[in-house]
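Enquirer: Supplied in structure tokens, the structure appears directly below.
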Amino acid sequence: MWRNYLIVGLRALLRNRSYAFITIFGLAAGMGACMLLLLYVQHERSYDAWLPNAENIYQVQSHWRDPETGESTDTQMSAYVAGKTLAKDFPQVERVAYAFSAAPVVIHRGQALPTEDVVLVDGPFFDMFHFPFSDGDPATALREPGSVVLSESEARKYFGGADAIGETLTLVMQGNRIDHRVTGVMRDLPRNSHMRLAMVARFDPGSYFAESPEFLTAWGWYQGWNYLALRPGTDPAAIAAQLPAWEKRNIPDDTSDGGRTNFGDEGDWSLANIRDVHLGDVTEGAMSPGNDRRTIVTFVAIAFLILAMAVVNFINLTTARAGQRAREVALRKVLGATRRQLMLQFLVESVLIAGLAMLVALAIVELSLPWLSAQLGAELQTHYIGAEGMLPTMLLLTLAVGLLGGLYPAFYLSRFQPAEVLKANKSSAEAAGAGRLRAALVVGQFAVSIGLIICTVVVYAQTLHALSADPGYRREGILQIAELDRRQLVDRSEAIAREIARVPGIRAVGRTGIGIGADNQLANQVHVPGRAQPAAIGSYMIDDGFFRTMEMKLLAGRPLDRARPLDADPRGYPSDLAQDRALAGRGLNVVVNALAARQLGFNQPTDAVGAQLRMDIAEEAAGLVPVTIVGVVDNARLRSIRDTIEPTIFRLGESELTHLVARYEGAEPREVRDRVEQTWRRLVPDVPFNAAFGEEIVAELYDAEEARAQTFAGFATIAVIIACLGLFALAAFTAERRTKEIGIRKVLGANTRDIVRLLAVQMLKPVVLANLIAWPVAWWVMRDWLNTFDSRIALGPGPFIVAGLAALAIAFGTVAGHALKVARANPIRALRYE
């Protein structure tokens, strides 16, 4: 019996090859798209879940609220002292480890080499994180300061295929050359880890922070990550409930300004399981870029919507063929077939089609997976057997799609009455309401397609806005050199700037503590006369060439000038107490941006010029430093357009300068970069050259948005193709049902254009209705997404009109070809048949 069902199903497909191709291809496209998206969702949800004991390892995250503005800052980083204090006060904490990113220069065989993903750790790091090692003992690898563990890729980079254990690398950190012995080689971490570790070195906090010992006790100094391993069975919610009391017990008051402040009044801490870090709500201060749950939910929704569209297509195409199989059903019933047998026959055919579509879908997945992995920056792989194998899911999906797609056609076809069908009146085979159902399904398909087109257009428009919006400085023609704050460069920073300024093609050079695309965030407490609470304002050092080089607009007052003694902070790095007291005694002139001026209480930029404030930019024992605002510059967006513009105070000095920016004109950019690099290597051969063009840095900030836009576009295209197949099914069915009507119209004088217009207009009605459904839903979704950006496009009618017209054009093209074929048919055949 089953063999007979399969043979009959295959013969039915072979007799109708065009139907078989359209049905199988439509299902395969939907199933393939669904599997691709679900593979990505599975990858995103698998972050750090592969680590042993991951359920008991937590990251300490920090939350800070500005009492004046109410704005909150959330970061994955936390103060060094927070982890130690948690371990002291909570016996549920089994281990604590602290880690922070570093960028040392590695000296190997006399050559200075750049490094990435270097992490310095304090505590039993590898006792907590059981990363797989290919060489060495993780239990003892980082027992002593001066030991270092390399990833396999990093070990090959320095030592080739030789054994790296016992070899020595010289790390230049804070201007000091420190030999580190390689004690372990770990396997390269998979992409689904929130950590990026190429080199892990043990450091001694006391000696590393000897010049700034307050780092070890300061609660507001965020530079690294604290990780806690809780004892098995511990309830993290119980610890979280006790954190407010823990803050009050451990965070001391600050009375340096004569009043009382306490960092715990504005700060809070929380514990996040490492499996939730990547998709968590806190994304700032991450070791690697995270994702958000909204994106994951969106991809899941798109996956099942596209799959549903493919199943709906299958139903439409099957019912559209009902007239062709009505006589077959009638004859089977006359010959004794029961309705149960007919339903089983059609269900077997449906599952057969789903199985063939699954094979095509797998080919689509395998061919598309490299592209999708590159687009989304994920390591997507297909495994068919094993714990993470896809085979059970594939079989279940095939069966589910086959049954869902075939159940309604099976009920529908098996109910045909032999007497009515054999009278050759095919219209009697049409079930009541079936036409409205098919039209409704097509409306739903096009609504999904139009919604995806709108989302694609909006995402692309927002990405273009991010790249083209006025950043408050002239982005074109800037070459930015990073890592200027290396200790070995501090005393040579000014000389390097002078030499680079002499490079042919360079017009201006400046140095700054906040560069384009900077990920550092420094703030100081600013005390305003008449206010009880200080304001936290971003505070960055610059030189007097910065504003000129960046071409930032001066709104009021004047820029800072090193020729004016009170404009410059004379302290070096590190500063001592005597220098801090001298600065507190004499004061300092500063420039603020327009946002800082408003937050400090000045309605107009001119009102801020001459204002007297106090800042905590010196040691507590020296007291607050009086500052005078001498100028106000326009707001500049140096970070991502997702981040709010930071209220900023600019100070003139030679310390804390992290980037050198050079403006070039009248020369080929790559030639300018090569000349600057030659000058750099001549001046500082012991520090790698790390430079990028401003436009490249900004473009990199929006790589993720652009990749998602392209992904949306790809899946929107698939949705449109599937929707067009559904519309084709409806057009074919309608044309078949109206064969006699079309013949009569032609006999009475209707020409081909009239017939095409009649059919096309009727077929386009579902598309118009789909627009009315898709527009408000897409508006609501895109408005919510755009609200995650600080600067965003206006959600006007443009994307909706573009999507609607595109859908109408595509639908008309789909219907017109079939309508033209029907309209050109000889009416005599249709009338003779009827």
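The values are calculated or read from the model by the stated rules, or taken from the named source; none is laboratory data. Note that the structure is predicted; figures quoted are calculated from it, not measured. Cβ: placed from backbone, ideal geometry, glycine included. Neighbour counts: every protein chain shown. These accessible areas exclude ligands, DNA and RNA; they are computed on the full protein's heavy atoms, side chains included. Shrake-Rupley method; radii C 1.70, N 1.55, O 1.52, S 1.80 Å.
Enquirer: Find all pairs meeting these conditions: Cβ atoms under 6 angstrom apart; at least six residues apart or on different chains; first residue within segment 455-470 and assigned to a helix (DSSP H, G or I); second residue at pLDDT 85 or above and surrounded by fewer than 21 Cβ atoms within 10 Å (Cβ to Cβ).
Expert: Sorted first by the residue in segment 455-470, then by its partner, the pairs are VAL457/VAL802; ALA461/ILE793; GLN462/ILE793; HIS465/ILE793.
Enquirer: State all residues of segment 272-303 that are assigned to a helix (DSSP H, G or I) and within 21 Å of LEU51 (Cβ to Cβ); if no residue qualifies, say none. Break it down into steps so the answer makes sense when it comes.
Expert: Of all residues in segment 272-303, those assigned to a helix (DSSP H, G or I) come to 274-276, 293-303.
Answer for segment 272-303, where residues must be assigned to a helix (DSSP H, G or I) and within 21 Å of LEU51 (Cβ to Cβ): ILE274, ARG275, ASP276, ARG293, ILE296.
Enquirer: Tally up the residues in segment 60-71 that are at pLDDT 75 or above and touching an Asp or Glu at 6+ places or on another chain (Cβ under 9 Å), please.
Expert: The total comes to 5.
Enquirer: Only residues that are assigned to a loop (DSSP other than H, G, I, E, B) and open to solvent by less than 20 Å² (accessible area, probe 1.4 Å): list them for segment 503-512, please.
Expert: Scanning segment 503-512 gives a single hit, VAL503.
Enquirer: State all residues of segment 477-502 that are of a type in the set (Val, Ile, Thr) and open to solvent by 10 Å² or more (accessible area, probe 1.4 Å); if no residue qualifies, say none. Even if it seems obvious, please write down each step before you answer.
Expert: Within segment 477-502, the first condition is being of a type in the set (Val, Ile, Thr), and the residues that meet it are 478, 481, 490, 496, 500.
The answer is VAL490, and nothing else.
Enquirer: Give me the pairs, please: first residue somewhere in segment 662-676 and on the phi > 0 side of the Ramachandran plot, second residue anywhere and modelled with pLDDT of 90 or more and in a loop (DSSP other than H, G, I, E, B), beta-carbon distance under 8 Å, and either six or more positions apart or on two chains.
Expert: Every condition considered, the pairs that remain are GLY666/GLY505.
Enquirer: Restricting attention to segment 230-246, and to residues there that are part of a loop (DSSP other than H, G, I, E, B) and in contact (Cβ under 8 Å) with a residue 12 or more places away in the chain, which single residue is surrounded by the fewest Cβ atoms within 10 Å (Cβ to Cβ)?
Expert: Filtering segment 230-246 for residues part of a loop (DSSP other than H, G, I, E, B) gives 231-235.
This time we only want the ones that are in contact (Cβ under 8 Å) with a residue 12 or more places away in the chain, so: 231-232, 234.
Details: ARG231: 12, PRO232: 9, THR234: 18.
Filtering first and then ranking leaves PRO232.
Enquirer: Mind counting the residues in segment 467-476 that are surrounded by 19 or more Cβ atoms within 10 Å (Cβ to Cβ) and farther than 20 Å from ARG670 by Cα?
Expert: Here the count works out to 3.
Enquirer: Would segment 513-532 turn up any residue that is among the acidic types (Asp, Glu), assigned to a loop (DSSP other than H, G, I, E, B) and touching a Ser or Thr at 6+ places or on another chain (Cβ under 7 Å)?
Expert: no
Enquirer: OK, next. If a residue must be part of a loop (DSSP other than H, G, I, E, B) and closer than 19 Å to ARG191 by Cα, how many such residues does segment 347-386 contain?
Expert: Qualifying residue count for the region: 7.
Enquirer: Residue by residue through segment 615-650, note down the ones that are under 30 Å from GLY505 (Cβ atoms), open to solvent by less than 30 Å² (accessible area, probe 1.4 Å) and at pLDDT 90 or above.
Expert: Answer for segment 615-650, where residues must be under 30 Å from GLY505 (Cβ atoms), open to solvent by less than 30 Å² (accessible area, probe 1.4 Å) and at pLDDT 90 or above: GLY631, VAL633, ALA636, THR648, PHE650.
Enquirer: Can you work out which of the residues in segment 152-192 that are of a type in the set (S, T, N, Q) and closer than 21 Å to ALA139 by Cα is modelled with the highest pLDDT?
Expert: Once the filter is applied, the top-ranked residue is THR183.
Enquirer: Would you pick out the residues in segment 651-689 that are open to solvent by less than 40 Å² (accessible area, probe 1.4 Å), in a loop (DSSP other than H, G, I, E, B) and not β-branched (Val, Ile, Thr)?
Expert: SER655, LEU657, ALA667, PRO688, PHE689
This table checks each residue for (1) within 22 Å of GLU167 (Cα to Cα); (2) without any contact (Cβ under 8 Å) to a residue 12 or more places away in the chain; (3) open to solvent by less than 10 Å² (accessible area, probe 1.4 Å); (4) assigned to a strand (DSSP E or B).
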| position | (1), (2), (3), (4) |
| --- | --- |
| ALA82 | no, no, yes, no |
| LEU86 | no, no, yes, no |
| ARG95 | no, no, no, yes |
| SER101 | no, no, no, yes |
| ASP127 | no, no, no, no |
| HIS130 | no, no, no, no |
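Enquirer: So ASP616 ticks every box in (1) without any contact (Cβ under 8 Å) to a residue 24 or more places away in the chain; (2) under 15 Å from ILE537 (Cα atoms) but one. Which box is left unticked?
Expert: (1)
Enquirer: Moving to a separate point now. Could you please find all residues in segment 158-184 being surrounded by fewer than 17 Cβ atoms within 10 Å (Cβ to Cβ) and either under 21 Å from ARG196 (Cβ atoms) or of a type in the set (Lys, Arg) (or both)?
Expert: Matches in segment 158-184: ARG177, ARG181.
Enquirer: Given the structure, is ALA578 open to solvent by 40 Å² or more (accessible area, probe 1.4 Å) and among the aliphatic types (A, V, I, L, M)?
Expert: Yes, satisfied.
Enquirer: (1) in contact with a Lys or Arg (Cβ under 9 Å, 6 or more places away or on another chain); (2) open to solvent by 10 Å² or more (accessible area, probe 1.4 Å): which one isn't true of ILE542, the others all being true?
Expert: The number of the failed condition is (2).
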